[in-house]
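Rule-based calculations on the coordinates, nothing more; no lab input. Please read all numbers here as calculations on a predicted model, not as lab measurements. Here the Cβ positions follow ideal geometry from the backbone for every residue, glycine too, while neighbour counts run over all protein chains shown.
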Amino acid sequence: MRTIMITDDVYNRLARMKGKKSFSELLAELSAKRAESGKRALLRVAGVLTHEEAEEMRRMIDRTRRYGWGGAP
């Protein structure tokens, strides 16, 4: 179990949304919807890049993760 701090505004919005559910149930439901929404977004762009373009993008992402926005050192 964890304790989190949220603003009163967010608390009030969540309290209205939850109905008879617990806050944990509501947050689990919202996070699952968010994950599913992300999957659908990825499926909408599936096939947009060629294999070569996807590989180049993967290399650029790896380089950025390794060295930051400036690219290779």
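Can you work out the FRET efficiency for the pair residue 20 and residue 41, with r the C-beta to C-beta distance and R0 = 25 Å, to the nearest 0.05?
Details: r = 31 Å, r/R0 = 1.24.
About 0.20, to the nearest 0.05.
Excluding residue 52 itself, what net charge comes from residues whose Cβ is under 15 Å from its Cβ, given Lys and Arg +1 and Asp and Glu -1? Its environment carries a net charge of -1.
How large is the charge dipole for the stretch 8-67, taken about the Cα centre, if only the Cβ atoms of Lys, Arg (+1) and Asp, Glu (-1) carry charge, to the nearest 20 debye? Mind dumping the intermediate values first?
On the way: 15 positive and 10 negative charges, 57 e Å.
With Lys and Arg at +1 and Asp and Glu at -1, about 280 debye.
Between helix 51-67 and the chain there is an angle of about 70 degrees, using the helix long axis and the longest principal axis of the Cα atoms. As a size descriptor, the averaged projected area of the C-alpha convex hull of the chain was calculated at 8.6 nm².
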